[in-house]
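Heads up: the structure comes next, in structure tokens.
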Amino acid sequence: MRASLVLRSSRILAATIFAGLLGASVEASTTQLVLNRDTHPEDMINGVVDLTISPGFDDARVTVVVDGQKVAEGLRSPYHLTVDFGPTVVEHKITVMAYAGEKKRVQWHQTINHGHLPLAIKLRPVDLGNRVFEVSVTSPENDPVQAVQFWEGGKIIATLQD
């Protein structure tokens, strides 16, 4: 009976150590990105990122918008924020607005992963009478679009291939 208790406790200890190491490796793999008005990141950024903002003046309140979605508002010093940019390297537009009182206000935009566009299909009518449309397609480098099919009434009416 004593041996089974020792065996169980060693399994619990091993599982605890493994979970601790796994958690430490996840924390260690977090990338840090420092945003200020004077520098623009050149590296490809994806995954969980520790976003650090340098507003350029003291006692600022900072608002951060990523791809049109507000992710932080009224952020105070230290200006840190964790953002998950997803597993794929994709272009993101980050807007930072910092303000202190009525006189100090600054806003800037930065684009990371410039040129790495997400999957998007845009349809623009050219001649509606003849049902002619123009299609533009973008996709990530590692997941190219091979064909775009247009359906109407449960039937394929057109196929666009690269």
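Okay, here's what the table says:
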| item | result |
| --- | --- |
| Number of the condition not met by Ala100 [criteria: (1) under 26 Å from the mean Cα position of the chain (by Cα); (2) of a type outside the set (Asp, Glu); (3) surrounded by 13 or more Cβ atoms within 10 Å (Cβ to Cβ)] | (1) |
| Residue that is farthest from the chain's Cα centre (by Cα), among those in the stretch 135-162 that are surrounded by 10 or more Cβ atoms within 10 Å (Cβ to Cβ) and farther than 29 Å from Phe85 by Cβ | Ile157 |
| Near pairs, Cβ below 9 angstrom, 6+ apart or cross-chain, from the stretch 47-59 (assigned by TED's automatic domain parsing to the domain that holds Glu91 and among the small types (Gly, Ala, Ser)) to any residue that is surrounded by 14 or more Cβ atoms within 10 Å (Cβ to Cβ) and in a loop (DSSP other than H, G, I, E, B) | Gly47/Phe85; Ser54/Asn36; Ser54/Arg37; Ser54/Tyr79; Gly56/Asn36; Gly56/Arg37 |
| Unique residue being modelled with pLDDT of 50 or more and assigned to a strand (DSSP E or B) when the list is Gly56, Gly74, Gly20 | Gly74 |
| Single unsatisfied condition, Pro78 versus (1) buried (at least 16 other Cβ atoms within 10 Å of the Cβ); (2) more than 29 Å from Val145 (Cβ to Cβ) | (1) |
| Test: residue in the stretch 126-139 that is assigned to a loop (DSSP other than H, G, I, E, B) and touching a residue at least 12 places away in the same chain (Cβ under 8 Å) | yes |
| Restricting the stretch 124-152 to residues that are among the acidic types (Asp, Glu) and modelled with pLDDT of 85 or more, the residue that is nearest to Val90 (Cα to Cα) | Glu134 |
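The values are calculated or read from the model by the stated rules, or taken from the named source; none is laboratory data. These numbers come from a predicted model, not from an experiment. Cβ atoms come from the backbone with ideal geometry, glycine included; neighbour counts cover every protein chain shown.
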